[in-house]
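Down below is the structure, laid out as structure tokens.
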Number of protein chains: 2
Amino acid sequence: MSKKLTKRNEDYSKWYNELVVKADLAENSAVRGCMVIKPYGYAIWEKMQAQLDRMFKETGHQNAYFPLFVPKSLFEAEEKNAEGFAKECAVVTHYRLQSDPDKPGKLRVDPQARLEEELVVRPTSEAIIWNTYKNWIQSYRDLPLLINQWANVVRWEMRTRLFLRTAEFLWQEGHTAHATKEEAVAETEQMNDVYADFVENFMAIPVIKGVKTESERFAGAVETYCIEALMQDGKALQAGTSHFLGQNFAKAFDVKFASKEGKQEYVWATSWGVSTRLMGALIMTHSDDNGLVLPPNLAPIQVVVVPIYKGEEQLRQISEVANKLVKDLRAVGISVKYDDRDTHKPGFKFNEYELKGVPVRIAIGPKDLEKGTVEMARRDTFEKQFIERDEVVDTVKALLEEIQQSLWQQALRFRDEHITEVNSFEEFKEILEDTGGFVSAHWDGTAETEEKIKELTKATIRCIPLNAKEEAGIDVYSGKPSKQRVLFAKAY
Amino acid sequence: MSKKLTKRNEDYSKWYNELVVKADLAENSAVRGCMVIKPYGYAIWEKMQAQLDRMFKETGHQNAYFPLFVPKSLFEAEEKNAEGFAKECAVVTHYRLQSDPDKPGKLRVDPQARLEEELVVRPTSEAIIWNTYKNWIQSYRDLPLLINQWANVVRWEMRTRLFLRTAEFLWQEGHTAHATKEEAVAETEQMNDVYADFVENFMAIPVIKGVKTESERFAGAVETYCIEALMQDGKALQAGTSHFLGQNFAKAFDVKFASKEGKQEYVWATSWGVSTRLMGALIMTHSDDNGLVLPPNLAPIQVVVVPIYKGEEQLRQISEVANKLVKDLRAVGISVKYDDRDTHKPGFKFNEYELKGVPVRIAIGPKDLEKGTVEMARRDTFEKQFIERDEVVDTVKALLEEIQQSLWQQALRFRDEHITEVNSFEEFKEILEDTGGFVSAHWDGTAETEEKIKELTKATIRCIPLNAKEEAGIDVYSGKPSKQRVLFAKAY
């Protein structure tokens, strides 16, 4: 397979699809819409998981595990939630295969092994979890209940794309129960803030915090908070959501608690999740025509060391120096790979690590041996410098921090340059087509206008930003009065 | 719910079921045979995962993720494997629900949304993984391929028990590909050794390493290595298995590689796994009539501090001392909980932490304040001692190590006392009924005898121990000649 990528300005979508495969992140599987996450891609996901898990635990949450399957009768209990996901449900109807009498060596579903009640493969776990919480919650002393689950979920999507929209994906889903509305709303906001903190400070992806309009809300939620990121092609990507569920699930599953005053009250709920979709956001925020660019925080290999040599004796000498460097770098917690494969030339290796987004590359050749130097190159800017050998550790440490910062600044600049205020529908359409990005426009607050604009432009309201100031104006499409601007964009 | 447990010698099985629920480890869910792993149980599983994951990575393995579903045509490709699991397969046949026209507000499976090909929910992932490896392996340079997956799997068992046998369970499954038979066998043995090392040195559970007889082998394997543990009731429990798969899957999925000499050869395979079943082994090795007993390595809370006080002022004074201790213990990496809940009495708390197996309990009362001491109790022996406050950290550190060792020694003694050599079938049955445990007996090597003994005694051959010496003898049942003793037992 050629390592050459399509250029972003030729075909962004093709560039993305190629990059995901060529950088060994993921690939399509034999199961329609389901992906295989390859070791290199999974290693990045593990870094995300580890950091998020720490942040969840620091905010008082514990992990647990609930069943993959949801009996249909539970699934349909919260009607809006059920209605929202019904069209995407994979359904288990049988529990046994048997030899196919018509085809020797083949199997068929055993018609005798039909389940009395069908099982839905969880598209999200509110139903099964709230049915469980019913038994866990009796009194205000049992609250709050702050639980997270790392799991796979299945939503039968018709059009899928690696990481961005797959039938099966990996995620975490937090499900909390509270005694009061205020506490539940505070939890919803806190977890949206945790997501923003993680995505901005760990992944170097700027986001806008906001709430969804009613039509974009999670099925079964009273309010959906979200963080919205902007990709290089000017399309928005919803990076995480945190839902205030009110008492909807408590009522559907009859979950009540005895308050301090001894009254029976319905419990208040939240749920919140981020998924392997974040891998897509990562790729489309930082990468370039040469391949993946990874913030050092997420790089499975932060530094690669490549020897440039002729003959075994030179390799031996270089390896001695390289192994010492590797040891010193590991000692300060930096992940390093020394690639001394003799089956590939240095140029091949350089391209490979460029494609895979390794932040720092160190090359050591015979001249470096003489001079006591190494050549150090950074992936994001391609800048090279020669460094004294005993300055490598300090330089790499500083450089990794600088790259993390620099990627953040670059993404922030791009994002900020792509928020455009418009005051007419003509302008709205022009900006959307020419510049792309977020269009900040007045909206009259009706689902009709929202729908009409979507029909005409494919742009949706990504969010009503939390930091938006009240500002009287008129809706760009309907001309009706509006109280504030919202952010529109085409979206993934 | 009463915290009182059934005693082990009254009804071991009932004791186990009660303990799992009362110690907040897991419970049955609304889905037949599927469990909810509660936060306290999950925290123990996370500790196992973290340690195993480290050990897998240290032996060169990487994590990846493969689809939950296996198309039926792939599933049936390796016939023995397919035949072995066909009876336990949950099958997805449809991908959509719709409103039920006959029952307003209810859903039904949309008959129009039938899948062209049914999807099996993975009972194990050889099929989907080897279908993927086909594209990853072309040359000897691509080998070995050393991959592990943390995942949920589903096996539709008719009789289920929490952790021991559940329809859905969590596990890891390693799947490796090698250029030679020798290398694949070495990998199979290495991973069985990794499991033994983990289970013995981390979980304090002694195991016997061996290989399975043909009839107990993994479906599709050439050889199944295993580690077998012994529970307190004298029944064996298979704690982990590592399979040498030969070229069976390579042939079924046509996975060949170009050797160094340029020849096309089939790839050699292994797979190996341990699951949440290990939680059952943990419980049934160390726990007692008062509840769970946890080796400190696996305890989510290693030390609990309980204040004994009257009135707020006393609590304030005790808390000052307690908080300092908590800080000092955490500083050396010990996980501590300070339980100053005012809703429960000390006696209640003592019972709760006993039930949950917290290894060390520290109580601080007004007299301790005066004397500058604390009362320290260990969970495993119930021994108590008074300790000077400034000796707490060192004492706890030493005590945790001692408890880990002591549990290991106790389990080892029990296990060794329950391996009995027998030389007649009368003796065989007597030992099995009276003492239980492993019965070491001569076996003629035939499946018929193995089956007959199972029929008559319910005992199966747990393994042919790797360290067994050759020893001529006669089969205890058939009287035919035998070359070595094997271990029989009743098993979970």
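From the Cα gyration tensor of the range B:12-286, with a ≥ b ≥ c the square roots of its eigenvalues, which class applies: rounded if a/c is under 1.5, or else prolate if a/b is larger than b/c, or else oblate? It comes out oblate by the Cα gyration axes.
Taking every pair of alpha-carbon atoms in the range A:359-492, give the share separated by more than 25 Å as a whole percent. Tail of P(r) above 25 Å: 49 percent of Cα pairs.
Shown for A:LYS345: label points 7 Å from Cα along the beta-carbon vector, and their distances to the equivalent points in the other copies, 8.3 nm in ascending order.
According to the square roots a ≥ b ≥ c of the eigenvalues of the Cα gyration tensor, what is the shape class of the protein assembly as shown, taking rounded for a/c under 1.5, prolate for a/b larger than b/c otherwise, and oblate for the remainder? Rounded is the answer for the protein assembly as shown, as its axis ratio a/c remains below 1.5.
So what is log10(I(q)/I(0)) for the range B:419-489 at q = 0.12, 0.24 1/Å, when the Debye sum runs over its Cα atoms only? Treating every Cα as an identical point scatterer, log10 I(q)/I(0) equals -0.25, -1.07. The ranking of A:THR285, B:THR160, A:THR343 by Cβ neighbour count inside 10 Å, starting from the fewest, reads A:THR343, B:THR160, A:THR285.
Between the alpha-carbon centres of the range B:47-78 and the range A:142-196 there is a gap of 25 Å. Annotation: the range A:1-56 has a Kirkwood hydrodynamic radius of 12.9 angstrom, from the mean reciprocal C-alpha pair distance. Checking the Cα-Cα distances for A:LYS310/A:LYS367; B:LYS134/B:LYS256; A:LYS4/A:LYS235; A:LYS80/B:LYS103; B:LYS80/B:LYS251; B:LYS7/B:LYS356 against a 18 Å cut-off, the pairs over it are A:LYS4/A:LYS235. Radius of gyration (Cα atoms) of the range A:222-330, expressed as a multiple of 2.2 N^0.38 Å: 2.00. Would you work out if the range A:168-298 is rounded, prolate or oblate? Take a ≥ b ≥ c from the square roots of the eigenvalues of the alpha-carbon gyration tensor; rounded if a/c is under 1.5, else prolate when a/b is larger than b/c, oblate otherwise. Because a/c hits 1.5 or more and a/b exceeds b/c, the range A:168-298 counts as prolate. Beta-bridge orientation, chain B: approximately 85 percent antiparallel, per DSSP, counting only bridges with both partners inside. Applying 1/(1 + (r/R0)^6) with r as the Cβ-Cβ distance of A:GLU427 and B:ASP142 and R0 = 60 angstrom yields a FRET efficiency of 0.65.
Note on A:41-47: average number of Cβ atoms from other chains within 10 Å of each residue's Cβ is 3.
Sorted from closest to farthest, the other copies place their B:LYS384 label points 7.3 nm away, with each point set 7 Å from Cα along Cα→Cβ. Taking amide H as placed 1.01 Å from N in the peptide plane, the amide H of A:LEU107 sits under 5 Å from that of A:ASP100, each at least 5 places away or on another chain. Considering only beta bridges that DSSP places wholly inside the protein assembly as shown, some 85 percent are antiparallel.
Annotation: extensible slack from A:HIS344 through A:GLU10 equals 117.2 nm (criterion: 0.36 nm per residue apart, minus Cα-Cα distance). Once the Cα atoms are used to define both axes, helix B:126-136 deviates from the longest principal axis of chain B by about 70 degrees. With respect to the cross-link table entries A:LYS337/B:LYS260; A:LYS429/A:LYS480; A:LYS327/B:LYS327, which display a Cα-Cα separation exceeding 23 Å? With Cα atoms farther than 23 Å apart: A:LYS337/B:LYS260; A:LYS327/B:LYS327.
The share of C-alpha pairs in the range A:303-399 whose separation exceeds 20 Å stands at 30 percent.
The mean count of C-beta atoms from other chains within 10 Å of the C-beta of residues in B:427-436, rounded to a whole number, is 0.
Neighbours of B:GLU433, meaning other residues whose beta-carbon lies under 13 angstrom from its beta-carbon, give a summed charge of -1 when Lys and Arg score +1 and Asp and Glu score -1. Enumerate by residue number the GluC sites (Glu not before Pro) in the range A:360-460 meeting two conditions: DSSP loop (anything except H, G, I, E, B), and at most 16 other Cβ atoms within 10 Å of the site's Cβ. Sparse-neighbourhood loop GluC sites (Glu not before Pro): A:GLU383. Averaging 1/r across all pairs of distinct Cα atoms in chain A and inverting the result yields a Kirkwood radius of 25.3 Å. The range B:80-122 and the range B:415-479 have Cα centres lying 45 Å from one another. Per-residue shielding of A:139-150, expressed as the average number of other chain Cβ atoms within 10 Å of the residue Cβ, stands at 1.
In a DSSP loop and with at most 13 other Cβ atoms within 10 Å, the trypsin sites (Lys or Arg not before Pro) in the range B:138-174 are B:ARG159.
Bear in mind these aren't lab numbers, they're just calculated from the coordinates by the rules spelled out. All values derive from a computational prediction rather than experimental measurement. Note that each Cβ is placed from the backbone with ideal geometry, even for glycine, and that neighbours are counted across all protein chains shown.
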